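Note sheet for the following structure.
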There are 2 protein chains.
Amino acid sequence: MLFGSIEAGGTKFVCAIGNEKGIILEKEVFETLDPESTMNNVITFFKNKNILALGVGSFGPLQLNKRKDKYGYITTTPKKLWQNYNLLGKLRESFNIPIGLDTDVNIAALGEYIYGAAKGLNSCFYMTVGTGIGAGIVSEGKIIHGLLHPEVGHIMVPMEKTDNFIGICPFHKNCLEGFASGPAIEKRWNMKGTKIPKDHKCWDLESYYLAFAVSQAVLMYSPEKIILGGGVMKQEHLFPKIRKKVIEILGNYIKVEEITHNIDSYIVYPVLGENAGICGGLALAIKEYKKWRKKNVPFKI
Amino acid sequence: MLFGSIEAGGTKFVCAIGNEKGIILEKEVFETLDPESTMNNVITFFKNKNILALGVGSFGPLQLNKRKDKYGYITTTPKKLWQNYNLLGKLRESFNIPIGLDTDVNIAALGEYIYGAAKGLNSCFYMTVGTGIGAGIVSEGKIIHGLLHPEVGHIMVPMEKTDNFIGICPFHKNCLEGFASGPAIEKRWNMKGTKIPKDHKCWDLESYYLAFAVSQAVLMYSPEKIILGGGVMKQEHLFPKIRKKVIEILGNYIKVEEITHNIDSYIVYPVLGENAGICGGLALAIKEYKKWRKKNVPFKI
């Protein structure tokens, strides 16, 4: 049984074919150009591959409310050519199979939940820290959507006492993304994060803001696993700093062993690494296929 | 069809009988004494009432993880007589019917979700602001639990610029409960909240902290309805202040009509008022009964 997965990003589209176990068999990367050329490449890749369903994780904002007219559209993105683009419609035009769509970060969370660090659990909090900051949350076995979808990158954070940075988010002054994303690090220190030495004050400040976000996640979702991915988290030395600060912030209030005794395996890097999204796309495809079968094949053969 | 509901609080136990529509037919309130006397009153109330199932919302902390030995216990409560008390076990000993247990605030959220302000929706955020601050969250139709249960009262909040209060939470300095609960208001102004005039600075500060919490909830859960209950929220003039500040904090980033155009019906007082918890207990009882039937009565009669 073959399934398709698309990770639609602002700079590249990753397309893959995998099996029912979530194992990737074939993968190709296309540059994100205008919608027409990009989608031509995508559609050509999947043509005649006999996939049973397709799972898509996309950059946004996306309209994911099925009751709205523009369900399946990329809406107000700063990428002008993609504004108001009917991504799901275009795929449905080309493939008469079940297609699932969700945000890029929700799909990555699903990937880690089904095949990665949170496998076998009932919940997880997956946050990516890179060009932007975003999080996907699985709770009670389901991805959280609601009115729109969570926008964890834009939560307000209390400024660290010694900090006087203004923040780079055009919408909010003291929000997480404005203070702790890759571009915020670069702007604050006039240096790319990858060039900043491990013992630089930068990382104390960075781990403070990320630990704040993780602590809010613990208090608000009570997830069974915290997974931190994205470019900035490749700085492995951030993990012990974040874990230590989370313990401090929680102030011994949450008395569960996973946090008080096993925080090293509670706050972790994605097991699937950069494949979290594409594996999550497969998981979504499989889920959509099962839903479709349940509706259309009432008796098991 | 009759169902039972218990709202187990630190000062009183509310017991009720209701029907399958969530309508309360009989209610009685008992003072919270030692476990033995209290539970005797509770058990006597429900004896011979022919209820099909029982739903319980209790003060905590509770062990709600079914895989743990102490599932169904009240654990480390400051109420000494109730520490390490097997609440669910005691009820199971007396009633051979399906029994559901959850936290008091989760049950109130469920009540508003099934019968109240969030009826017909898929998600809601219910926060009670009184002696303590707590929240119950329904997302994708399910109450969020995870590792333990959310502890929204203890999220860190950025201090308002003019504020120099220390906060009353014994665990955290700048947490929501330490800054904005009823006792925090009283300690800060040396006056009971009910005695403080509407135009006092107190309410600006209070609405700032509550608006911060509501904004984090919007960004983290993306709920379809925000419901604010509890003693402090009886100060109705807080609602317009909170709504205004939420809009300011979100900074026009979340572009959904429910918030940008209809915030008056987005952030609301509980429709069920003080019955949210007891109605939620009925909803939980009905849920448990349906689950039990599904398992035990495979064919519809």
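Things worth noting here:
- Overall dimensions of chain B by Cα: Rg and Dmax, Å: 19.7, 66
- With a 10 Å cut-off around each Cβ of B:154-162, the average count of Cβ atoms from other chains is 4.
- Total accessible area lost when A and B pair, probe 1.4 Å, Å² to nearest 100: 4100
- Surface composition of chain A: carbon and sulfur make up 52 percent of the accessible area, probe 1.4 Å.
- Nearest-to-axis residue of chain B, judged by beta-carbon position, where the axis maps B onto A, in Å: B:Pro158, 2
- Candidates B:Ala276, B:Ala217, B:Ala108: whichever shows maximal mean-square fluctuation once chain B is modelled as a Gaussian network with Cα springs under 10 Å: B:Ala217
- Starting from the label point of A:Lys142 at 7 Å along Cα→Cβ, the same points in the other copies fall at 0.8 nm, in ascending order.
- Order of exposure, largest accessible area first, which applies to A:Arg293, B:Arg67 with probe 1.4 Å: B:Arg67, A:Arg293
- Cα-based helix-to-principal-axis angle, A:35-46 vs chain A, degrees rounded to 10: 70
- Radius of gyration and Dmax over the Cα atoms of the stretch A:226-301, both given in Å: 19.0, 56
- At an R0 of 56 angstrom, the distance between the Cβ atoms of B:Asn262 and A:Lys47 translates into a FRET efficiency of 0.80.
- 7 Å along Cα→Cβ, label-point gaps from B:Asn50 to other copies, nm, shortest first: 6.2
- Couplings 3J(HN,Hα) for the stretch A:28-34, derived from phi with the Karplus relation 6.51 cos²θ - 1.76 cosθ + 1.60 (θ = phi - 60°), are 9, 10, 10, 5, 7, 10, 5 Hz, where x marks Gly and Pro.
- Only Lys, Arg (+1) and Asp, Glu (-1) charged, at Cβ; the stretch A:119-269 dipole about Cα centre in debye: 320
- Model label points for A:Asn164 and B:Glu160, set 7 angstrom from Cα along the Cα-to-Cβ axis, are 2.6 nm apart.
- Relative contact order (%) - criterion: Cα under 8 Å, at least six apart; region: chain A: 22
- Hull shadow area, averaged, the stretch B:68-128 [alpha-carbon convex hull, nm²]: 6.0
- Area accessible to solvent at B:Thr260, 1.4 Å probe radius, in Å²: 60
- Among beta bridges that DSSP assigns inside chain B, antiparallel share in %, nearest 5: 60
- Shown in residue order for the stretch A:78-90 are the 3J(HN,Hα) couplings computed by the Karplus curve 6.51 cos²θ - 1.76 cosθ + 1.60 at θ = phi - 60°: x, 6, 3, 4, 9, 5, 6, 9, 7, 4, 5, x, 4 Hz (x for Gly and Pro).
- Partner chain coverage, peptide A:169-176 - average Cβ within 10 angstrom: 3
- Burial order of peptide ranges A:121-133, B:225-237 (average beta-carbon count within 10 Å, highest first): A:121-133, B:225-237
- With label points defined 7 Å past Cα in the direction of Cβ, position B:Leu33 shows copy-to-copy spacings of 8.2 nm, given to one decimal and shortest first.
- For a straight C-alpha distance cut-off of 25 angstrom, the lysines reachable from A:Lys245 (same-chain residues fewer than eight places away being disregarded) are A:Lys161, A:Lys173, A:Lys187, A:Lys192, A:Lys195, A:Lys198, A:Lys201, A:Lys225, A:Lys234, A:Lys255, B:Lys161, B:Lys173.
- In this simple spin-label approximation, A:Lys290 and B:Lys290 carry label points 7 Å from Cα along the Cα→Cβ vector, and these lie 2.1 nm apart.
- Residues A:Arg67 and B:Leu81, FRET efficiency given R0 of 45 Å [Cβ-Cβ distance, rounded to 0.05]: 0.35
- Cα-based shape type of the stretch A:54-188, given that a ≥ b ≥ c are square roots of the gyration tensor eigenvalues and the cut on a/c is 1.5: oblate
- Orientation-averaged projected area, Cα convex hull of the protein assembly as shown (nm²): 28.7
- P(r) histogram, all alpha-carbon pairs of the stretch A:119-269 included - 10 Å bins from 0, percent: 11, 43, 35, 11, 0
- Taken residue by residue and averaged, Cβ atoms of other chains lying within 10 Å of the Cβ of A:222-228 number 3.
The values are calculated or read from the model by the stated rules, or taken from the named source; none is laboratory data. Remember, it's a predicted structure, so these values are computed and weren't measured experimentally. Don't worry about glycine lacking a Cβ; one is built from the backbone with ideal geometry, like all the others, and counts go over all protein chains shown. Just the protein is used for accessible areas: all its heavy atoms, side chains included, with ligands, DNA and RNA removed. Shrake-Rupley method; radii C 1.70, N 1.55, O 1.52, S 1.80 Å.
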